[in-house]
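**Q** Attaching a single structure in structure tokens format; questions to follow.
Any read-out appearing in this document is the output of simple, stated calculations on the displayed coordinates, not a laboratory observation. Only a predicted model underlies this, so the values are computations on that prediction, with no experimental measurement involved. Note that we place each Cβ from the backbone using ideal geometry, even for glycine, and neighbour counts take in every protein chain shown.
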Amino acid sequence: MPPNRLATGNPSSRVVVGLGNAERKYARSRHNLGARAVTEAMNRLNLTPAAGLVPVPMSRSGFVLPDGFMNDSGQIVLKAVERWRPKAENLLVVHDELDLPLGEVRERDGGGHGGHNGLRDVMQRLGTGSFKRLRIGIGRPPGSMDPADYVLATFRPDEFEAVNAAVDRAADLIVEFVRAPAALL
């Protein structure tokens, strides 16, 4: 594993990463829930969502939206960390979570990747897993469905209400994170 890229940093920097796949066909998939929530937060902050690094004007902070595939998420996150140099507690990675019920939103400090390939790549490239996470529950796949197929599938109409509420809640937390004074973190 490479050296810990979050061992030092600027206490005023905030970086928010929305994990997902950049390809249009995956935009509404379960695996893109992190990117969807970050896009909503950016809209609330009057920022224009775009693939890659999006700076927050008049700050040393920014947002990251997918510019490739989920399994290669670490590459763009590493670029953001090198650019804005956040401390570990000022990097927030927003992602879908199989082990949470559909629509549940939970914050977490550090941890493992839990089999999430996007998180695995981020941790590998940063040399640490000690960053904040915002996990959005997508639930477990039904029956014997392959988890890989499940995460790339779109939501069913009966799930829309729970998913939209989760995205709304996550966007609130993301905006709060970005606006928090350095002394509170």
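**Q** Quick one: if the Förster radius is 35 Å, what FRET efficiency do residue 169 and residue 113 give, using the C-beta to C-beta distance and rounding to 0.05?
**A** The calculated FRET efficiency here is 0.90.
**Q** Next question. With a 10 Å cut-off between alpha carbons and a GNM built on the chain, which of 137, 112, 62 moves the most?
**A** 112
**Q** Right, something else. For the chain, give the share of DSSP beta bridges that are antiparallel, in percent and rounded to the nearest 5; count only bridges with both residues there.
**A** 45 percent
**Q** Testing the spin-label approximation: label points 7 Å from Cα along Cα→Cβ at residue 69 and residue 144. State their distance in nm.
**A** Here the modelled spin labels are 2.7 nm apart.
**Q** Please build a GNM for the chain, connecting alpha carbons under 10 Å apart, and tell me which residue among 159, 107, 89 fluctuates the most.
**A** Comparing 159, 107, 89 in a Gaussian network model of the chain, the most mobile one is 159.
**Q** Could you check the simple spin-label distance between residue 154 and residue 58, using points 7 Å along Cα→Cβ, in nm with one decimal?
**A** Distance between the two pseudo-spin positions: 4.0 nm.
**Q** Out of every Cα pair in the chain, what percent are spaced more than 25 Å from each other? Write out the running numbers ahead of the final one.
**A** Values: 4477 of 17020 pairs.
Summing the P(r) of the chain above 25 Å gives 26 percent of all pairs.
**Q** Let me ask something else. Work out how much length residue 124 to residue 44 would gain on full extension: take 0.36 nm times their residue separation and subtract the Cα-Cα distance, in nm to one decimal.
**A** Gain on extension, residue 124 to residue 44, equals 25.7 nm.
**Q** Let me ask something else about it. Any idea how far apart residue 4 and residue 25 come out in nm if each label point goes 7 Å out from Cα toward Cβ?
**A** Output for this residue pair reads 4.1 nm.
**Q** Using amide H atoms built in the peptide plane, which far-off residues or other-chain residues are under 5 Å from residue 102 H to H?
**A** 139
**Q** Quick query: amide H of residue 17 versus all other amide H atoms, modeled in the peptide plane; which residues come in under 5 Å with a sequence gap of 5 or more or a different chain?
**A** So residue 17 has HN proximity to 64, 92, 93, 94.
**Q** Give the angle, between 0 and 90 degrees and rounded to the nearest 10, that separates the Cα long axis of helix 160-179 from the longest principal axis of the Cα atoms of the chain.
**A** Between helix and principal axis, roughly 0 degrees.
**Q** Let me know the Rg and Dmax you get for the stretch 47-150 when you use only its Cα atoms, in Å.
**A** When restricted to the Cα atoms of the stretch 47-150, Rg and Dmax are 14.4, 50 Å.
**Q** Please report the Cα spread of the stretch 1-72 along all three principal axes, rounded to whole Å, starting with the longest.
**A** Principal extents (largest minus smallest coordinate, Cα): 37, 36, 15 Å.
**Q** Return the long-range amide H neighbours of residue 56 (sequence gap of 5 or more, or a different chain), with a cut-off of under 5 Å between placed amide H atoms.
**A** Residues meeting the amide H criterion: 61, 62, 63.
**Q** Okay, moving on. At 10 °C and 1.306 mPa s, grab the translational diffusion coefficient of the stretch 106-185 from Stokes-Einstein with a Kirkwood Rh over Cα pairs, rounded to a whole number in µm² per second.
**A** Rounded to a whole number, D works out at 106 µm²/s.
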